[in-house]
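The values are calculated or read from the model by the stated rules, or taken from the named source; none is laboratory data. Predicted model, so just to flag it, every value in this text is computed and none were measured. Note that each Cβ is placed from the backbone with ideal geometry, even for glycine, and that neighbours are counted across all protein chains shown. The area values use the complete protein model at the heavy-atom level, side chains included, leaving out ligands, DNA and RNA. Shrake-Rupley method; radii C 1.70, N 1.55, O 1.52, S 1.80 Å.
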Amino acid sequence: MGIRSPQGVQGEGDGRAAPWDTAAALVRAAQNGDALAMDELLTLVTPYVTRLCRPIAPNDTADAVQESLLAVFKGLRTLRDPQAFYGWVRTATVREAVRVARRTSAEEPADPADLARLGGLRTDADGELSADVRDALARLPVRHRAVLVLRELEGLDEATVAALLGVPQGTVKSRLSRARSSFRKAWSR
Amino acid sequence: MSSSDPVLRLRVLAAGLHAGLYAEEHLALPYERVWAVAADLEAELPRLVPFLREFRVPPGDTERKRALAVGRSGLTESFEVRLSPGWCLMQSRLIVGGMAAAPEAGGTRFAVLGATRPTALRPAQWLYGRLLGERRGRAFVDRVAERAALR
């Protein structure tokens, strides 16, 4: 798994417990049927799930978030290592977001002209993508969006992205290179 | 989205708790009236849950409270309660109860949840056996609608 911390997760560098420690304690309690802990965990993780879903399923973000959270909490009892909660949430969320996005997306190839103002997946202080970047991302095919979000936004390496999406590493490499070249072409216009 | 829509949030908790009771319905009544019934725990909960004689809630508007449930059999059970607009989550050592509501198309979407806590099932039969099942959930929602219509 990647070493970068999940963006927008609270509790980092401000003297409080690391987000995965906070989450791990709540996961353990929730696994024992503590509904109040589960509700806190839901509040804690919803912004992170939303940030992952928004670029992958820009037209169906609310659905993608709900489906992801349902999958995460339904399977919570099967998570053996509570410390691995965020990585586990990321896997479930990307899978659900891609599934929801594919339901409605026409899967048309990206038009470079649509990407004119895209300069990379930079985020603001809250870990949010700017609106024009989101617009441009929305026009990419779902599979390219998922790869870009995991690689650029989450900072995962190609092998981890491949494992998460269930595709060979070579596929990740080629999708990434095609998506990036769309950006570059658009940028040079 | 889940953080802002209480009904969606309760649906996720129902999935997470593998709740034995969960029901969700559209009620053709204004949200304010429906939630006024649900939030009035001390007066309304014993009318909504047939085997509950009393539900003692300390006065005040705080979101976190401790309440005491008294069953028809006289058994008592202490509950942690989280209450905010459109949202109520109650938990004892043995069981979990929840209600959620949100305005929807001129009416209200209302949801109810009941679940047992897996580590402490046995002494919970007095509530568990009766709380279980979809029919119970529907009946609960129907009673909420009846009470709200009277307001």
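Observations
- Which listed residue is modelled with pLDDT of 95 or more and of a type in the set (S, T, Y), from A:S68, A:S5: A:S68
- Among the residues of segment B:1-34, the ones that are open to solvent by 50 Å² or more (accessible area, probe 1.4 Å), within 12 Å of chain A (Cβ to nearest Cβ) and either part of a loop (DSSP other than H, G, I, E, B) or within 9 Å of B:T108 (Cα to Cα) (or both) come to 4 in all.
- Single match in B:P46, B:P50 (criterion: surrounded by fewer than 23 Cβ atoms within 10 Å (Cβ to Cβ), more than 14 Å from chain A (Cβ to nearest Cβ) and assigned to a loop (DSSP other than H, G, I, E, B)): B:P50
- Filter result for the condition that a residue is surrounded by 14 or more Cβ atoms within 10 Å (Cβ to Cβ) and touching a residue at least 60 places away in the same chain (Cβ under 8 Å), over B:A67, B:A39, B:A105, B:A111: B:A111
- Residues of segment A:20-43 satisfying the condition of being among the aliphatic types (A, V, I, L, M) and facing chain B (nearest Cβ under 10 Å): A:A30, A:A35, A:L36, A:A37, A:M38, A:L41, A:L42
- Inclusion of B:A111 among residues that are closer than 24 Å to B:D142 by Cβ, within 14 Å of chain A (Cβ to nearest Cβ) and in a strand (DSSP E or B) is warranted.
- Residues of segment A:68-80 classified as facing chain B (nearest Cβ under 7 Å) and in contact with a Ser or Thr (Cβ under 8 Å, 6 or more places away or on another chain), total: 1
- Of the candidates A:V49, A:V65, the single residue that is facing chain B (nearest Cβ under 7 Å), buried (at least 18 other Cβ atoms within 10 Å of the Cβ) and assigned to a helix (DSSP H, G or I) is A:V65.
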